[in-house]
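Peer 1: I'd like to ask you about the structure that follows.
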Amino acid sequence: MFSKLLSRISEDIAIDLGTANSLVYVRGRGIVITEPSVVAVNQKTGQILAIGEEAKKMVGRTPAHIVATRPLVSGVISDFDVTEQMLKYFIEKAHKKRFIIGPRPRVIIGIPFGVTEVEKKAVQDAAKNAGARAVYLIEQPMAAAIGAKLAIQDPGGNFIVDIGGGTSEVAVISLGGIVTAKSLRIAGDRLNEDIIQFAQNEYNLLVGERTAEDIKIGVGSAYPINYAKNLKRPEKLLKKQGSDVADLASELPLRGRNLITGLPEEIMVSEESIRRALDKSLKQIVRAIKITVEETPPELLSDIMVRGIHLAGGGSLLRGLDVLIQKETKIPTKIVDDPLTAVVRGAGLVLEDLDELQEVLVDTTELSPPR
């Protein structure tokens, strides 16, 4: 009786709790929140000053006692209390228009494949402490495949690669389950670090994370590109990723502080030089895909050769990545529609039909204490 009352006044939500960005889907309404997974904390008082977009604006621009931090590292919780506050903020913001005090929704949260039981329980406990009355977990590659409208319940092979901020998830799915998968802690954040390291090694230039991300979006590529043919989605891509870069180009200015003189400096970097900086990390992602292909049963692999490899997540928008993967694997590779929201849309579709799609969720019975 009480549970039915709560279901009427609270709206169930799905959350893609990403290392870089978090998205929230409300049942019956769709995606209502897309914000950076950043929290600004006053270290003197322990007070949360800002969450999401407002906190991201503070990154690298705060006094010593205020820290803008990401409470998730490589897709898992590194700061439990801050993650709890961030989840509470998302739950309350999702219910804001309905003026519900103390909402108690059911929540589905996407997690990386292969996380430990302790890490799963941390997510579950943080969500419950944030106000969820029931918490369900779904592995991100499964959610991405559902969001991409792949026929995951058919007896055929579906190959999904979800490249987020902290992890790259590679999985083969058939009959509603993951047959083989790899989770790699190399993704968008690592590519940013590669550019930061490249600037230091090549030019003695110290640049910030946001500058590195803008360069990656604006001039980064995984494979040599014919610019005349590739300028298809610059404005949409840049707008969604929140970049300050106005357009894609073959060369962009990189601004930072010279480590030798201590003075500000600007240099021009090319698409070729940034591709060289990203090469090592991209090779590791491609290697994980190749290993997964090798481990896939032959019958499913024959399906995949027809259906292709599907790329999701913000990292899939790196120019030429689909071309590189197709060249290395000899399997047709394509980017899914709206790859940035694939995981949360998939979790949302499960939320809309929870009884029918219960089998795709992670079994959490061992995580719950006995009654």
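The values are calculated or read from the model by the stated rules, or taken from the named source; none is laboratory data. Only a predicted model underlies this, so the values are computations on that prediction, with no experimental measurement involved. No Cβ is skipped: glycine too gets one built from the backbone with ideal geometry, and neighbour counts run over all protein chains shown.
Peer 1: Filter the range 17-71 down to the residues that are under 20 Å from GLU193 (Cβ atoms), among the aliphatic types (A, V, I, L, M) and not in a strand (DSSP E or B), then identify the one that is modelled with the lowest pLDDT.
Peer 2: VAL59
Peer 1: Next question. Among the residues of the range 297-307, is any basic (Lys, Arg), outside any loop (DSSP other than H, G, I, E, B), in the same structural domain as ALA181 (by TED's automatic domain parsing) and without any contact (Cβ under 8 Å) to a residue 12 or more places away in the chain?
Peer 2: The answer is no, given that none of the residues of the range 297-307 is basic (Lys, Arg), outside any loop (DSSP other than H, G, I, E, B), in the same structural domain as ALA181 (by TED's automatic domain parsing) and without any contact (Cβ under 8 Å) to a residue 12 or more places away in the chain.
Peer 1: Then there is this: Within the range 101-114, is even one residue in a helix (DSSP H, G or I) and not hydroxyl-bearing (Ser, Thr, Tyr)?
Peer 2: no
Peer 1: Would you mind finding the one in ALA145, ALA126 that is of a type outside the set (Lys, Arg) and within 22 Å of LEU184 (Cα to Cα)?
Peer 2: ALA145
Peer 1: Then there is this: Here is a list: ILE291, ILE309, ILE285. Which entry is modelled with pLDDT of 95 or more, surrounded by fewer than 16 Cβ atoms within 10 Å (Cβ to Cβ) and hydrophobic (A, V, I, L, M, F, W, C)?
Peer 2: Checking each option against the conditions leaves just ILE291.
Peer 1: For the subset of the range 158-198 comprising residues that are surrounded by fewer than 23 Cβ atoms within 10 Å (Cβ to Cβ) and free of Cβ contacts under 8 Å to residues at least 60 places away in the same chain, which member is nearest to LEU349 (Cα to Cα)?
Peer 2: Restricting to residues being surrounded by fewer than 23 Cβ atoms within 10 Å (Cβ to Cβ) and free of Cβ contacts under 8 Å to residues at least 60 places away in the same chain, the top hit is LEU175.
Peer 1: Continuing with this model, one more query. Does the range 95-111 contain any residue that is touching an Asp or Glu at 6+ places or on another chain (Cβ under 6 Å) and surrounded by fewer than 18 Cβ atoms within 10 Å (Cβ to Cβ)?
Peer 2: Scanning the range 95-111 turns up no residue that is touching an Asp or Glu at 6+ places or on another chain (Cβ under 6 Å) and surrounded by fewer than 18 Cβ atoms within 10 Å (Cβ to Cβ).
Peer 1: Among the residues of the range 319-365, write down those that are of a type in the set (Lys, Arg) and assigned to a loop (DSSP other than H, G, I, E, B).
Peer 2: Within the range 319-365, LYS330 is the sole residue that qualifies.
Peer 1: Another question about this same structure. Six or more apart or on different chains, Cβ atoms under 6 Å: show the pairs whose first residue is in the range 337-359 and under 19 Å from PRO105 (Cα atoms) and whose second is assigned to a helix (DSSP H, G or I) and not aromatic (Phe, Trp, Tyr).
Peer 2: Every condition considered, the pairs that remain are ARG345/GLY147; GLY346/ALA143; GLY346/ALA144; GLY346/ILE146; GLY346/GLY147; ALA347/ALA143; LEU349/ILE146; LEU357/VAL350.
Peer 1: Turning to a different aspect of this structure: Please work out which one of (1) surrounded by 15 or more Cβ atoms within 10 Å (Cβ to Cβ); (2) over 30 Å from ILE195 (Cβ atoms); (3) of a type outside the set (Gly, Ala, Ser) is the condition PRO339 fails and give its number.
Peer 2: Against the list (1) surrounded by 15 or more Cβ atoms within 10 Å (Cβ to Cβ); (2) over 30 Å from ILE195 (Cβ atoms); (3) of a type outside the set (Gly, Ala, Ser), PRO339 comes up short only on (2).
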